Every structure is written in structure tokens, then in C-alpha cells.
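These notes are about the structure you will find just below.
The values are calculated or read from the model by the stated rules, or taken from the named source; none is laboratory data. Predicted model, so just to flag it, every value in this text is computed and none were measured. Ideal geometry is used to build each Cβ from the backbone, glycine not excepted, and the neighbour counts take in all protein chains shown. Accessible surface areas use protein heavy atoms only, side chains included; no ligands, DNA or RNA. Shrake-Rupley method; radii C 1.70, N 1.55, O 1.52, S 1.80 Å.
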Amino acid sequence: MSESTGMADIEELDIKRAQPRTKRRHKPFPGWLYAVLFLVFDFAAVAILQWGVTMSSTRVELSSPLVGLGDLIVKMFTKANFVLVLNMILVGVIYMVLLMLINRFWIATPVLLAVAIVIAVIEHFKIGIRYEAILPSDLGFLGSNTGNLMSFVPAGWQWVVLGAVAVFAAIVALCVGLNRIDARHGRMIRTANPGMAAAVRLLLILCPALFLGVYAMHVGTVGSWANVFSSALGDIPSMWDSVYDAQRNGPVVAFVRQLNPKVMDEPEGYSEETMREVAARYADAADAMNETRSEYLDESTVIFVLNESFSDPSRVPGIELNQEATPEVDAIREQTTGGLMLSSGYGGGTANLEYMSLTGMSMANFNSSLTSPYQQLVPSQRWTTSVNQMWGDAENSLGFHPYEPSMYSRATNYRKFGFSHFYTLEGDDVIAHRDTIDKSPYVSDAATYRSVLDEVGSTDANQFISVITMQNHMPYNDWYSDNEFTVTNTDGAEPLGEDETREIETYAKGVSLSDKATAEFLDELDAIDKPITVVFYGDHLPGIYSTAGEDQNNSLALHLTDYFIWSNKASSSQGTKNENSDYTSPNYFIAQAAEHMNAKVSPFLAFLTQMHEHVSAMEPPVVNNIQGWSRIPEGQPIYLDADGNPMVESEMDAATRQLLEDYKLIQYDVTAGDGYLKDFGFMDAPER
């Protein structure tokens, strides 16, 4: 190459460099890339929502909550559980509707993620303050109660909000950047025919919205296509703990499942006229009963004691203890109204037994889809009835539970029932005595009873008091330092495993301590100079009898707990023993208490009294499940006669069948119907 030629090339290159650079043209993103980005941002929205329910806690864990998003991912590969996919489907449906409404990918995406961030922050705050996930009943805050959202805001909230704003700013920056390099600018539907474009968008709005609406309407109904679909992808409802449920199944699934639970099928013939006839029938029955009764329920203090997992271990087939665990309660049951209670739970389900005792409604009448009235029914009820309301002024209604008030949404529901105070370990009403025993993490029964005694002894007023203890709650990890109890299998029974043996012995010691504390509690009440009646019951057996649970012939034995109704010396009913008291279920307790106290009844209590005379105990179908508790969707509810023998509905006499039909009408009207009975005074107690 010559020198002149080389110089010419350099000059030409300098000229090209000096010329203005031609603007690069960006290409539109292809459809497959939009599909990939859709999945990425859909996953991001689910991840953000999952963060909202994932947090550490210092509480005593009952359910061993999962850590977070990682667990949802891991169990897809280890357990073939695709609940993460289910959450992405539901969020993806909402995402699709947004995309079609806005028709701009890079606008709809930050809108979706902004909504997810806001929900997650509110959820994070609510769980931190109340240990409760967002529930459908919280939607009421979006109306006139919007200011109540501030009750979810903890100290230091500014940093969480600033972090959320920073994340959103990064998302917006990302979307703006991608929009700049996408020549399509996120336009989803592009066609030269505007009418066709509008039709396609409308179709892609209506179809996903219809799917989501129908899914939400039916997913809470056992056996529906939506419920089967959710179960197939791994949804395992855990209604006892809203936070655990949201962590385990994803907050979207946990929330949507509760939007429209099937409460009851409408009974045949339900109408205002039918309910008027029912009300009149039992008003007449109440008048007849009241002619022979001289007392009034609200002339006494009545205390309902749900003693956690209390049941005599010696009744469990195949095991033998070296000494009695419940001699005091056994003696009390012999001296007063008492016997065995049929429980719908085994190892859990406490709040359902509590609900039945407080309302007189039976789980046997509900649709099998309604697994937790405290969370699926009570928050949305227009008309709530409960036993305590017969004591009039809310100041006379008190609740005690030495644990977190958010479990089973109790704090919210107790307010709705009309309780003025609900004493727990947290919140405005902290329970006074919180002592534990040895290494047990739970407040002892003795301490709980002491808190109740402080309140009862501080006033001359007659009260209704609901007590839910915690001492004998699972797990049973060798809590007690001096445990004299040993357990062996009976002759011919399968030998017990090491873990089962340890758990039973720990539980037996705990029940023994409860037995003594209960007797001492009654002694203290006996010394108070005002009439007091106690309804005491164990809610269910602990889920520790794995050997006995393997034999389905033991099903009934594993669903029978102890109960009694006792009155102190200041009561005219001390030492009374009702007829037909050997067996019961918690829906009958208030009617039995009225009979025990010789107290006048409302039409509803007259009905329950007659119902108990014909069917001594009733519960929904149950099955042994030593990992927890469950209900069988199919099959007849369990009915027991006065001797504890199962009853077959088809073989019942006409009067009993009529009562069962009336029960369904009454319960439907109160819980899912039009509430005609409210206007007929069906629940009103007689006035003094």
C-alpha cells in the first residue's frame, strides 16, 4: 500500500466519524417474549404477596408455619404440590384482565405489581400486629371504616413503606426502560380492524373474569369442580390459623377460598310462613316448660370452661396407666349433671366445639364445605346469636383465653357476639395470670382459673364467662420434671412406640394437673356468696393415640370427652343431676344448663331441650386422623341415643325426624337465610 493511498483511507474514515450517527431502530418484542415476561411478572406478583405473609414470630408455634416462597417452590419437586402454580393461575387471570383493559403491557404490569405491593405491606403489618392474615371480612375497611386500616400500622412502619416505594420505583424504571426498547411499546392487540381489536379484548376480559368469578363462587364448596381443581394442585385448607393457611397455600388461594363458602343447603319448604310456624310451635313448648321452672339464667353467673384436650386417657382402647389421671372430674361427674360429650374433633378443631357451645348451632347441620364457622361464617353474618346475649349488658360478658386473640379470629368474633372483654396474652385486655408449669410453654389451668376468679369475685353482678384453656395443647414434649405417670399397652393390644409413649405420659401428667386445678377452682367458687354454675368440657382428645387410631372400631371412643354442669352452694341447683345427661354434644349445653338450674327458657332453648330428649348427641361424620382432625364430606352425621348407641336416621320415629328438620330450618334461618326468627322473638329469654 502506498503512502498516498493510506492517507486517503484515513481521511475517509475521519469524514465518516464526523458525520452524524444514524439513529438505531428498535424492533418490537415478539409474542413469545411477552409470554415469558408475563410469567416472570406473574411470579413476581405472587412472590411479593407471599412476602407479606412470611415473617418470623416469637409465638409458641402450633402449626410450624412455613418459611416462605422457597417452600412453595421446593414442595413442587419433593411433594408434587403445585399450590404455587395455583396462585400464579389466579394472579395471572387478574393480570390478563388488566392487560386487556389497558392494552399496554408496560403500564398494566407496574399497576399489577403496585397492587401486590400495597396488599403485601398491609398484610405484613396486620400479621405483625394481630397475627392474622387479610380476610374477606376486612374488605369492610374499604368503605366507611377505612380509617381502621391504621390499626394495622406498627412502630417503624415508615421503613417498610420506604422499602416498598423503592421496590416499586425500581419496577417502574425497569418497565420504562423495556418500553423504550420495545418498538411495540407494549400494545397487546394490534390489528388494522378496530372493531376486531375491541372484540378480542372484550373476549379476553370476560373469559378470565368469568373464570375467576365462578371459581371464587365454588372453590369453598367441597366436591365442586373448583374445589377439586384446587385440591389437585395442592391446596390443603388450614383454617385454624389464617397466617399458616396463607403461608402454606399462598395468600391468594387462602383468601379466595373464604369468599363464598357453602354454609347450608336451603331446607325444603323454607319461607317466612314456615318459620312463623316453627317459632309458634316452640313458643308453646317454652310456655309449657316455664310453668314448672322458677329461676332465670341471668340470675346466676354461668361459666363455660372449654378445657383444652381434656379427656380421661383410661377410656382409650389398648392403653393402661399406672394410676388415675382424672379422679376429681370423675367424682364431680357422678355427683352432678355430667357424662360424655361427643366431639367432632380429634387432635384439633377447638373453635368449632366452642362455636357450638356458644350458639347452640350444630356442625352436623352445616354443609361439609363449612369447616370453620369462626372464619367462614361469623365475620359476615348479619344476625349473630350467642348464649352470652341473654345476660343483657355487654359488660356482663367476658372471655378468657391465655393465648393469642387472633387464633380462629376469636377477638373479632367475641366482639361480634357481644363480649365486652376478651382477656388474652396480647392486646388491650391482657389476662392477669400467665404462670406456666416446668418446661411447658403454655399458661397453666391454675393460672387461667385464677384470672377468672379475680373477675368473678370483683363484682356482685351476674355474668356469662367463656374460658378456653391452653395447658394441654399439643405438642407433648416431656414438659414436666416430676412425672409419675407411665403407660403400657393392655394385654393383646399392639405395643406402643417410644414417641407415642412419651406423648401419652406427658399428656396424662398435664391432664392430672388440670383435674386438680379444676377441683380447686370449684372449691373457690363454692366460697363465693352468689349463685354460680359451671359448664365444663374437654373439646377433643389429643392427636397422640396413633396405635388406637389404626383401628376404625375405636372411632367413637376417640371422639368422646368428659363434661359436667356444676353449681355452687349459693345456687338452688347444687347437686342437681339432669335426666338423660350421660351423653351430649356442645350445642345442647345452654339448654342443659337451664334445665339443671331450673331456669326458664326461650323458644330456641325449648327446642334444644326437646331435641336433646330425642337425640342425646350429634356431630358431623368424623374419622380418626392422628395428624389432626377432619370431617368426612359424605355420609350421615353421627347421632347417639341416651345410652350412647348410634342412631340411624331412616329408623327414627316421626317426632325425632320432625325435630331434625326443624333444627335445619332454624339453623339455616339464623346463619344463611333471611333471619325471620329474629322478628319472632325466637331467641329472646323470658323477662323477670
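Selection of the stretch 294-329 for residues being among the hydroxyl-bearing types (Ser, Thr, Tyr), more than 29 Å from the chain's Cα centre (by Cα) and closer than 20 Å to Pro542 by Cα yields Ser314, Thr326. Taking the criterion of being more than 27 Å from Thr488 (Cβ to Cβ), open to solvent by less than 10 Å² (accessible area, probe 1.4 Å) and at pLDDT 95 or above, the residues of the stretch 324-345 that qualify are Thr336, Thr337, Gly338, Gly339, Met341, Leu342. Of the set (1) open to solvent by 30 Å² or more (accessible area, probe 1.4 Å); (2) of a type in the set (Ser, Thr, Tyr); (3) over 30 Å from Phe607 (Cβ atoms), all apply to Ser271 but (3). Of the residues making up the stretch 558-576, those that are in a loop (DSSP other than H, G, I, E, B) and either of a type outside the set (Lys, Arg) or at pLDDT below 95 (or both) number 8. For the stretch 463-510, a tally of residues being free of Cβ contacts under 8 Å to residues at least 60 places away in the same chain and of a type in the set (Phe, Trp, Tyr) returns 2. Taking the criterion of being assigned to a helix (DSSP H, G or I), at pLDDT 90 or above and open to solvent by 10 Å² or more (accessible area, probe 1.4 Å), the residues of the stretch 363-384 that qualify are Ala364, Asn365. For residues in the stretch 416-475 being charged (D, E, K, R) and in contact with a strand residue (DSSP E or B) (Cβ under 9 Å, 6 or more places away or on another chain), which is modelled with the lowest pLDDT? Within the stretch 416-475, the match that is modelled with the lowest pLDDT is Asp428.
Here is the figure for the stretch 209-224: residues that are open to solvent by 20 Å² or more (accessible area, probe 1.4 Å) and assigned to a helix (DSSP H, G or I) total 8.
Is one or more of the residues making up the stretch 225-234 touching a Ser or Thr at 6+ places or on another chain (Cβ under 7 Å), hydrophobic (A, V, I, L, M, F, W, C) and in a loop (DSSP other than H, G, I, E, B)? No: zero hits.
Residues in the stretch 235-256 that are under 12 Å from Leu86 (Cα atoms), of a type outside the set (A, V, I, L, M, F, W, C) and open to solvent by 10 Å² or more (accessible area, probe 1.4 Å): Asp235, Pro251.
Within the stretch 530-542, take every residue that is of a type outside the set (A, V, I, L, M, F, W, C) and modelled with pLDDT of 95 or more and give me the one that is nearest to Ser567 (Cα to Cα). The selected residue is Thr533. Looking only at the stretch 28-39, which residues are over 33 Å from the mean Cα position of the chain (by Cα), in a helix (DSSP H, G or I) and surrounded by fewer than 16 Cβ atoms within 10 Å (Cβ to Cβ)? Gly31, Trp32, Leu33, Ala35, Val36, listed by residue number. Note on the stretch 67-88: residues that are open to solvent by 10 Å² or more (accessible area, probe 1.4 Å) and either touching a residue at least 60 places away in the same chain (Cβ under 8 Å) or farther than 19 Å from Cys207 by Cα (or both) amount to 15. In the stretch 196-208, the qualifying residues are those that are open to solvent by less than 50 Å² (accessible area, probe 1.4 Å) and in contact with a helix residue (DSSP H, G or I) (Cβ under 8 Å, 6 or more places away or on another chain), and the one that is nearest to Asn103 (Cα to Cα) is Ile205.
Evaluated against (1) surrounded by 15 or more Cβ atoms within 10 Å (Cβ to Cβ); (2) outside any loop (DSSP other than H, G, I, E, B), Asp287 falls short on exactly one condition, (1). Going by the conditions given, is Lys516 of a type in the set (Lys, Arg), under 25 Å from Ser294 (Cα atoms) and modelled with pLDDT of 95 or more? Taking the combined requirement at face value, the residue does not satisfy it.
Listed here are the residues, each with its yes/no results for (1) buried (at least 19 other Cβ atoms within 10 Å of the Cβ); (2) acidic (Asp, Glu).
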| site | (1), (2) |
| --- | --- |
| Ile465 | yes, no |
| Asn472 | yes, no |
| Pro475 | no, no |
| Thr486 | no, no |
| Ile504 | yes, no |
| Ser512 | yes, no |
| Asp515 | yes, yes |
| Thr518 | yes, no |
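Pairing residues of the stretch 166-195 that are within 11 Å of Pro110 (Cα to Cα) and open to solvent by less than 60 Å² (accessible area, probe 1.4 Å) with residues that are modelled with pLDDT of 90 or more and of a type in the set (Ser, Thr, Tyr), at Cβ distances under 7 Å and at least 6 apart in sequence or on separate chains, gives Cys175/Thr109. Looking only at the stretch 250-284, filter to residues that are assigned to a loop (DSSP other than H, G, I, E, B) and of a type in the set (A, V, I, L, M, F, W, C); which one of those is farthest from Ala133 (Cα to Cα)? My answer is Met264. Screening Pro154 against (1) crowded, with 20+ Cβ neighbours inside 10 Å; (2) over 28 Å from Gln381 (Cα atoms); (3) at pLDDT below 65 leaves a single unmet condition, (1). If I filter the stretch 520-557 down to residues being in a helix (DSSP H, G or I) and of a type in the set (Ser, Thr, Tyr), which single residue comes out as surrounded by the fewest Cβ atoms within 10 Å (Cβ to Cβ)? Once the filter is applied, the top-ranked residue is Ser546.
Scanning the stretch 463-491 for residues that are assigned to a loop (DSSP other than H, G, I, E, B) and in contact with a Gly (Cβ under 8 Å, 6 or more places away or on another chain) turns up Gln471, Asn472, Met474, Tyr476, Trp479, Tyr480, Thr490. Please go through the stretch 200-218 and pick out each residue that is in contact (Cβ under 8 Å) with a residue 40 or more places away in the chain and β-branched (Val, Ile, Thr). Ile205 - this is the single residue of the stretch 200-218 that is in contact (Cβ under 8 Å) with a residue 40 or more places away in the chain and β-branched (Val, Ile, Thr). The single condition among (1) touching a strand residue (DSSP E or B) at 6+ places or on another chain (Cβ under 9 Å); (2) in a loop (DSSP other than H, G, I, E, B) that Arg333 does not meet is (2). Within the stretch 252-271, residues that are among the small types (Gly, Ala, Ser) reach partners that are modelled with pLDDT of 90 or more and open to solvent by less than 20 Å² (accessible area, probe 1.4 Å) with beta carbons closer than 8 Å, at six or more positions or on different chains, in the pairs Gly269/Leu665. The residues listed here are Glu324, Glu354; of these, the one that is within 16 Å of Glu308 (Cα to Cα), of a type in the set (D, E, K, R), touching an Asp or Glu at 6+ places or on another chain (Cβ under 8 Å) and not in a strand (DSSP E or B) is Glu354.
The set of residues in the stretch 445-462 that are open to solvent by less than 10 Å² (accessible area, probe 1.4 Å) and either part of a loop (DSSP other than H, G, I, E, B) or without any contact (Cβ under 8 Å) to a residue 24 or more places away in the chain (or both) is empty.
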